[in-house]
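Taking it in order: structure first as C-alpha cells, then the write-up.
The values are calculated or read from the model by the stated rules, or taken from the named source; none is laboratory data. Bear in mind that the values here come from a model prediction, so they are computed numbers and not experimental data. As a convention, Cβ positions derive from the backbone with ideal geometry for all residues, glycine included, and neighbour counts pool all protein chains shown. All accessible areas refer to the heavy atoms of the entire protein, side chains included, with ligands and DNA or RNA removed. Shrake-Rupley method; radii C 1.70, N 1.55, O 1.52, S 1.80 Å.
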Amino acid sequence: MKNFKLKLVVLSTLSCLASGQAMADWENLPATGVSVSGGTSPYILCNTTGDFGSGSGANAPVQPSSISDTCAVLPASDPTVPDSNFTGISRIPVVNRTSSIIMNNSYTNNNDVDIGTLREYVWRRAVGGSYECIYAMKVTLKEADYNVNESGTQNFEINDMARKGWSGKTVDVAYSTVPANASPTYRVGRTFTAVQHRPGDVDQPLTGLGSSPAINGLNSWPGSASATQQQADIDTDWIDFTTDANYKDDDGSTNPASGMQYVRTSCSSGSFTTSTDAIRLRQTFQELNGDGSSDNPFIEIEVEGTLPN
C-alpha cells in the first residue's frame, strides 16, 4: 500500500512537471536591449528557421514542437493560458475579444476593406499583494484584394505585429503556433520600428537610427540595404513581433494565421481599456515579382486593442 501511494505521488509530480514544462519557455525582453555583434539590438531571436518566412521547401520555417524551441509555448488551444502558474479562476480570460482588421487608405480608394480578424485574450492572477497578466494577440487573414488600383488579387501580408503600453514594465514574451498551423514568431523587439527582413538581411537590427519610423527598410528590389535601413531604436512602450502571415503569399505558401503572441508582465486589479491604435500591423515587403516589381508596399494598419493596465 505504501509503495502504491508513493507511486501515485511520483506520477502526480511528474505529470505536474510535464504540464508546466509544456507551457514554460518564456523569454525576458530587456528594456535596454541585448548585446550583439556591432552593438545593441532591441530584438531577441525566437524561431530562426526558414529565413523569417522567405524560405521554402527544405528551407521552409519549422513549427516549434517543444519548449526546447526558443520562445515557444504549447497550450492545448488558443483560449488556454500558456502558464501553469495560472490556476483556478485565473485560467479563464478576463478579456476575450475579436476585432475586424479594416484597411482604408489610397490602395483601397479610401474605402473599408475587411482583410481578417484580430483575436485577443488577457489572463490575470494574484501574486501576493499584486497581480500578473498575460496579454495575447493573433491575426487570421482572409482572401481580400486590398489594392483595387492593380489587376488581380493583392492579399495583405503581415510581417510585424506591434502593441503599445509597456513603459516601466518588466516583460517576458512567448508565442504559440498551436492548435492550428500558424506562422512562427521569428524575433521580438522592445521597439516601435519594424525592420524589413529579406534573404541576407540581419536578424537582429542594431540601434542608432535616431528616429522611430513604423517600418524601416528598402521599398524596392533589387538593391542592398544600408546600415541605417537595418536599424531600430529602443522604445520601451512598444513590443514588436516579427512573423509572416498571408492568406496566399507571393512565395507560394499559404499561412493565413500568425502565431499567438504573448506578453507577460505586472498589472493591476482594475478594468481594461482599449485604444484605436494600440496594435499596429505592418507589411514590410519580403517578396519580389518575376519582373522585379513589388506589389507589397510598406503599409501599417492601426487596430483597436487592449491596453496594459
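Rundown of residues vs (1) under 19 Å from V188 (Cα atoms); (2) open to solvent by 90 Å² or more (accessible area, probe 1.4 Å); (3) at pLDDT below 90, yes/no style:
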| residue | (1), (2), (3) |
| --- | --- |
| N3 | no, yes, yes |
| S19 | no, no, yes |
| M23 | yes, no, yes |
| L29 | yes, no, no |
| T32 | yes, yes, no |
| T49 | yes, no, no |
| S56 | no, no, yes |
| V81 | no, no, no |
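Pairing each residue of the stretch 60-76 that is modelled with pLDDT of 95 or more and surrounded by 20 or more Cβ atoms within 10 Å (Cβ to Cβ) with any residue that is of a type in the set (D, E) and part of a loop (DSSP other than H, G, I, E, B), provided the two are 6+ apart or on different chains, yields C-beta distances under 6 Å for A72/D25; V73/D25. Across the stretch 214-235, a minimum of one residue is classified as open to solvent by less than 10 Å² (accessible area, probe 1.4 Å) and in contact (Cβ under 8 Å) with a residue 12 or more places away in the chain.
For I89, the conditions (1) open to solvent by less than 60 Å² (accessible area, probe 1.4 Å); (2) free of Cβ contacts under 8 Å to residues at least 40 places away in the same chain are fulfilled apart from (1). Scanning the stretch 265-294 for residues that are at pLDDT below 95 and open to solvent by 40 Å² or more (accessible area, probe 1.4 Å) returns L288, N289, G290, D291, S293, S294. Of everything in the stretch 152-176 that is under 14 Å from the mean Cα position of the chain (by Cα) and open to solvent by 10 Å² or more (accessible area, probe 1.4 Å), the residue that is nearest to A278 (Cα to Cα) is K164. Evaluation of K248 against the conditions (1) open to solvent by less than 20 Å² (accessible area, probe 1.4 Å); (2) within 25 Å of T98 (Cβ to Cβ); (3) modelled with pLDDT under 95 shows that the sole unmet condition is (1).
Set side by side, the residues P184, P222 differ, and just one is closer than 24 Å to I301 by Cα and either at pLDDT below 95 or not polar (S, T, N, Q) (or both), which is P184.
For every residue, the table says whether it meets (1) in contact with a Pro (Cβ under 8 Å, 6 or more places away or on another chain); (2) aliphatic (A, V, I, L, M); (3) over 30 Å from D203 (Cα atoms).
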position	(1), (2), (3)
D69	no, no, no
M103	no, yes, no
N111	no, no, yes
T117	no, no, no
V122	yes, yes, no
I134	yes, yes, no
K138	no, no, no
L141	yes, yes, no
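When I134, I102 are checked against the criterion of being touching an Asp or Glu at 6+ places or on another chain (Cβ under 9 Å), part of a strand (DSSP E or B), open to solvent by 40 Å² or more (accessible area, probe 1.4 Å) and aliphatic (A, V, I, L, M), a single residue qualifies: I102. In the stretch 177-212, the residue that is least open to solvent (accessible area, probe 1.4 Å) out of those that are of a type in the set (A, V, I, L, M) and touching a Pro at 6+ places or on another chain (Cβ under 7 Å) is V195. Go through the residues of the stretch 115-123 one by one and say whether even a single one is among the aromatic types (F, W, Y) and part of a loop (DSSP other than H, G, I, E, B). The answer is no, given that none of the residues of the stretch 115-123 is among the aromatic types (F, W, Y) and part of a loop (DSSP other than H, G, I, E, B).
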